[in-house]
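Report on one structure; see the data block that follows.
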Amino acid sequence: MRVDDEREYVEYVEAHLPRLYRVAVLVLGERHRAEDAVQSALTTLYRRWSRRADVANLDAYVHSMVVRACLSDQRRPWTRVFLGGAPPDIGVDAGTGAVDDRLAVRQALRRLPERQRLVVALRFLCDMSVADVAEVLGRSEGTIKAQTSVALRTLRGMFDAPDPGAQLRARRPA
């Protein structure tokens, strides 16, 4: 690769890496798997960097590569190695409900079917337009709109549904 091309590649990756990583985390739900998927996509991008002028929308192309790497990772569960150990400590502000809210949203997203989860993550958490999501996933805009609608209705149902455990606790005598 020429020096100018390599410099442009590094600048592109540095500018877009946080967003690509966020997409992968949202799709896969695990940081280490997301790092592997992004690394795989960026390796492929590096090999194809000289042909970037042939791509109409480079950002959508790279997002597509990351999403496909994530889906590929999900299809190969037998190749994963699970190591035991304690997770790293992550600082949290005490007294806020942000952690509970974040965990509830992640759990709800994991319960969505894969395609709906991808659409919601790309549309709302990555702030992409319907057209961009359609291009990244290789689907029509109508399909993206329909999947978004169904996913949002499902998520609303998850958060609006009463907690059956809370009802049981309220009925117990003190």
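The values are calculated or read from the model by the stated rules, or taken from the named source; none is laboratory data. Quantities reported herein were computed from a predicted structural model and do not represent experimental measurements. Using ideal geometry, Cβ is built from the backbone for each residue, glycine included, and neighbour counts are taken over all protein chains shown. Quick note on the areas: whole protein, heavy atoms, side chains included, nothing else; ligands and nucleic acids left out. Shrake-Rupley method; radii C 1.70, N 1.55, O 1.52, S 1.80 Å.
What to note about this one:
- For GLU30, the requirement of being at pLDDT 85 or above and within 26 Å of VAL133 (Cα to Cα) is not met.
- Yes/no for ASP73 being modelled with pLDDT under 80, in a helix (DSSP H, G or I) and under 19 Å from the mean Cα position of the chain (by Cα): yes
- Of all residues in region 22-45, those satisfying the criterion of being without any contact (Cβ under 8 Å) to a residue 12 or more places away in the chain and more than 19 Å from LEU125 (Cβ to Cβ) are HIS32, GLN39, THR43.
- Leading residue by the ranking (least open to solvent (accessible area, probe 1.4 Å)) among those in region 30-63 that are farther than 30 Å from GLN107 by Cα and polar (S, T, N, Q): THR44
- Pairs with Cβ under 6 Å, 6+ apart, first in region 46-64 and under 25 Å from LEU118 (Cβ atoms), second open to solvent by 90 Å² or more (accessible area, probe 1.4 Å): ALA60/GLU135
- Matching option when the condition is in a loop (DSSP other than H, G, I, E, B) and modelled with pLDDT under 85, among VAL105, VAL81: VAL81
- The residues listed here are GLY91, GLY142; of these, the one that is more than 28 Å from TYR61 (Cα to Cα), among the small types (Gly, Ala, Ser) and either assigned to a loop (DSSP other than H, G, I, E, B) or modelled with pLDDT of 85 or more (or both) is GLY91.
- Residue pairs whose Cβ atoms lie under 8 Å apart, sitting 6 or more positions apart in sequence or on different chains, and linking a residue in region 2-21 that is within 16 Å of VAL66 (Cβ to Cβ) to a partner that is modelled with pLDDT of 90 or more and open to solvent by 70 Å² or more (accessible area, probe 1.4 Å), are TYR9/TYR46; TYR21/GLU35.
- Of residues in region 108-134 being in a loop (DSSP other than H, G, I, E, B) and free of Cβ contacts under 8 Å to residues at least 40 places away in the same chain, the one farthest from ASN57 (Cα to Cα): PRO113
- Of the residues making up region 135-151, those that are open to solvent by 50 Å² or more (accessible area, probe 1.4 Å), at negative phi and touching a residue at least 12 places away in the same chain (Cβ under 8 Å) are GLU135, LYS145, VAL150.
- Residue within region 156-168 that is open to solvent by 30 Å² or more (accessible area, probe 1.4 Å), modelled with pLDDT of 90 or more and not hydroxyl-bearing (Ser, Thr, Tyr) present: no
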